[in-house]
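Bear in mind these aren't lab numbers, they're just calculated from the coordinates by the rules spelled out. As the structure is a prediction and not an experimental result, all values here were calculated from the model. As a convention, Cβ positions derive from the backbone with ideal geometry for all residues, glycine included, and neighbour counts pool all protein chains shown.
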Amino acid sequence: MIEFRSVTKQFPDGTVAVKEFDLVIPPRKTTVLVGSSGCGKTTLLRMINRMIDPTSGHILIDGEDTAALAPVKLRRRIGYVMQNSGLLPHRKVIDNVATVPVLNGVPKKEARAHALELLDTVGLDRSLADKYPRQLSGGQQQRVGVARGLAADPNILLMDEPFGAVDPIVRAELQQETIRLQQGLGKTVVFVTHDIDEAFLLGHQVVILQKGGHIAQVGTPAEILANPADDFVASFVGADKGKRVLRIEKVGGRDVVVDENGTPTGVLQP
Amino acid sequence: MNLILDGIAWILDPANQTGPGGWFARLGEQLAYTFGAVAIAAIIAIPLGYLVGHTGRGRDVAVSLSGGFRALPSLGVLILLGLGLGIGFRAPLITFVILAIPPILAGAYAGFEAVDRKTIDAARAVGMTEGQIVRQVEVPLGLPLLIGGIRSGVLQVVATATLAAYVSGGALGAFIFEGVATRNYSETLGASILVTLLALILEGVFALIQKLVVPRGVVAREIKEVRTVSSRPRAAVGSPIQEGK
Ligand SMILES: Nc1ncnc2c1ncn2[C@@H]1O[C@H](COP(=O)(O)OP(=O)(O)OP(=O)(O)O)[C@@H](O)[C@H]1O
Ligand SMILES: [Mg+2]
């Protein structure tokens with residue numbers, strides 16, 4: 001469990017990126033922080049592994065105040081996946097994946113063997129192990145990034161718009177993979193995106209943010225869709241324009257579900 | 001043409017080759033100045049450049065320092081130091097160290113600065129200490145530019161080392177000055193040809209080293225003169241990447 005307690009971050013230039021932020025992130029679930037650019041998502045995420053320190057307030061992981069933990073040790077037990085994959089260009093895929101275990105003192109051979117298994121886990125062919133990141137496609141690099149994030153078997157995985165730069169088809173694949181991994185491994189995933197569809201797809205808990213890290217609404221996707229807290233949320237999830245509103249049409253005695261454009265999406269089971 | 005042939009003949013004459021005053025020994029001195037001065041300059045400039053490159057602090061000082069050093073006329077420095085330290089190898093050596101510091105310093109910090117900030121940020125985010133970031137990320141990725149800096153240092157010193165003879169410091173310049181003084185132009189020319197050849201050979205060797213040190217997996221860029229101006233904007237106040245060091 002990760003808890004934000006009245007967390008404020010003001011940057012040296014005076015920008016208040018996050019103000020008095022409170023949130024409980026349940027364990028072994030995916031929590032998605034979603035909001036438009038500049039609302040403080042990255043700042044919130046990076047405060048969890050102390051890449052950024054809050055100006056005031058506390059962040060607790062399993063009841064422990066992170067301020068009391070050494071940043072380097074903390075980061076090694078939290079997986080971090082970022083948009084541009086952030087791989088080390090001069091290291092082979094296998095060594096990139098093995099980075100954190102090697103830092104933790106695991107013998108190289110052992111770390112590499114485990115890294116190979118992780119390539120399987122994230123759906124990459126083992127033949128890519130000896131390639132350099134530059135030789136991989138963007139989607140493959142993201143998978144390597146995820147494998148690296150998982151290598152030290154962290155309980156928490158932070159993902160900052162990890163699929164922002166890949167094409168829609170690959171993104172859809174990676175999203176499914178993320179769901180599968182999260183369920184299979186039982187990680188606490190904190191996922192940042194500005195894509196509400198992605199948020200609803202991945203999130204058990206979705207946090208809709210406004211500027212300054214102000215929470216517009218927290219809930220399951222169903223709760224948010226059923227009861228948007230206000231006009232902002234309604235417009236953000238598209239409910240105001242009739243988006244996500246499904247209708248039932250009787251066709252040949254059966255209930256056909258039709259989306260906002262009148263396109264049939266399925267049939268209701270009796 | 002005749003003169004050049006005379007110069008080559010001078011080089012090939014065994015009488016000019018061996019012994020303490022022969023060109024074998026003088027060439028050795030030229031090389032000793034070059035590598036001695038570059039080694040000392042490297043010991044001073046590399047840690048300094050790395051510090052500047054890693055922290056981003058003191059950059060302006062480093063730039064103006066190397067700019068200032070570059071502007072110093074070597075001959076003037078040599079004569080001044082020679083007056084203070086007397087004849088021998090010390091004044092030339094110090095002069096050449098001063099000559100070699102700017103390019104090596106610039107190569108060291110430019111190498112670090114050329115590393116993508118996102119790569120460094122990612123290294124920090126997965127739990128590398130600052131020391132590990134330096135050793136495992138910045139040093140290997142910055143190596144091509146550093147070697148570029150050392151290369152220009154070596155080339156500048158190997159040519160300038162000829163001046164050592166001004167303060168009786170030996171090296172190949174001894175023949176050049178002697179030849180001019182005694183109107184033995186084949187001697188002057190022979191020594192000049194040797195200096196030129198030496199510079200060309202070193203240039204080739206370093207071009208090769210520079211190719212070899214480009215980390216595999218990184219596209220080799222054409223490395224020209226080491227920049228003294230940052231290649232990328234540096235945020236005045238900590239960008240998100242600077243946070244959480
Ligand atoms: N190091 C910094 N110094 C000053 N201001 C910053 C810094 N980092 C972020 N900010 C500001 O804080 C606010 C929140 O930034 P943050 O990066 O958390 O937004 P975000 O929600 O992740 O946006 P995006 O979707 O564009 O990534 C923005 O106004 C941003 O300009
Ligand atoms: Mg962001």
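Which helices, counted as full DSSP H runs in chain B, have an axial Cα extent of no less than 24 Å and a Kyte-Doolittle average of -0.5 or above?
Span-like helices in chain B: B:23-55, B:90-113, B:139-160, B:185-213.
What ranking do A:PHE163, A:PHE236, A:PHE200 get, fewest neighbouring Cβ atoms within 10 angstrom at the top?
Ordered by Cβ neighbours within 10 Å, fewest first: A:PHE200, A:PHE236, A:PHE163.
Hey, what number do you get for the protein assembly as shown at 222 nm if only DSSP H runs of n ≥ 4 count, each worth -39500 (n - 2.57), divided across all residues, to the nearest 500?
-15500 deg cm²/dmol
Bins of 5 Å, beginning at zero and ending with the bin holding the largest distance: percent of Cα pairs per bin for region A:2-243, please.
Calculated over all Cα pairs of region A:2-243, the distribution is 1, 7, 14, 18, 18, 16, 12, 8, 4, 1, 0, 0 percent.
Would you mind getting me the FRET efficiency between B:TYR185 and B:ALA207? Use the beta-carbon distance for r and R0 = 35 Å, nearest 0.05.
0.60
Can you tell me which lysines have their Cα less than 20 Å from the Cα of A:LYS73? Leave out same-chain residues fewer than eight positions away.
Counting by Cα, and skipping residues close in sequence, A:LYS73 has these lysines nearby: A:LYS108, A:LYS187, B:LYS245.
Along each of its three principal axes, how wide is the spread of alpha-carbon positions in region B:138-208, in whole angstrom units, largest first?
That gives 53, 23, 11 Å along the principal axes, largest extent first.
Relative contact order (percent) for chain A, with alpha-carbon contacts under 8 angstrom and 6 or more residues of separation? Provide the component values of the computation, followed by the final result.
Working: 512 pairs, mean separation 60.3, N = 270.
This gives 22 percent for chain A.
For chain B, which span is the longest to avoid every loop-located (per DSSP) member of GluC sites (Glu not before Pro) having at most 11 other Cβ atoms inside 10 Å?
Here the longest segment lacking exposed loop sites spans B:1-221.
Would you grab the residues whose amide H sits under 5 Å from the one on A:ASP53? Only those 5+ places off in sequence or on another chain, please, with H modelled 1.01 Å from N.
B:GLY244
Given a 10 angstrom Cα cut-off, can you work out which residue in A:ALA239, A:ALA199, A:ALA152 is the most mobile in a GNM of chain A?
Its mean-square fluctuation being the largest, the pick is A:ALA239.
Among A:GLY138, A:GLY63, A:GLY252, which one shows the biggest mean-square fluctuation in a GNM of chain A, springs joining Cα atoms closer than 10 Å?
Evaluated over chain A, the most mobile residue of the options is A:GLY252.
Which whole number gives the average, over all residues in B:126-138, of C-beta atoms from other chains lying within 10 Å of the residue C-beta?
5
If you wrap the protein assembly as shown's Cα atoms in a convex hull and average its projection over all directions, what's the area in nm²?
If I average the Cα hull's projected area over directions, I get 34.1 nm².
Only loop residues by DSSP count here, and only those with at most 15 other Cβ atoms within 10 Å; note down the trypsin sites (Lys or Arg not before Pro) in region A:13-81 that meet that. Show your work: numbers first, answer last.
On the way: sites: A:LYS19, A:ARG28, A:LYS29, A:LYS41, A:ARG46, A:ARG50, A:LYS73, A:ARG75, A:ARG76, A:ARG77; in loops: A:ARG28, A:LYS29, A:ARG50, A:ARG77.
Passing both the DSSP loop test and the Cβ count: A:ARG28.
Rounded to two decimals, what is Rg over Rh for chain B when you use alpha-carbon atoms and the Kirkwood radius?
Over the Cα atoms of chain B, Rg/Rh equals 1.08.
After finding the eigenvalues of the alpha carbon gyration tensor for region B:19-101, what semi-axes result from the square roots of 5 times each, listed largest first in whole Å?
In descending order the semi-axes read 29, 16, 9 Å.
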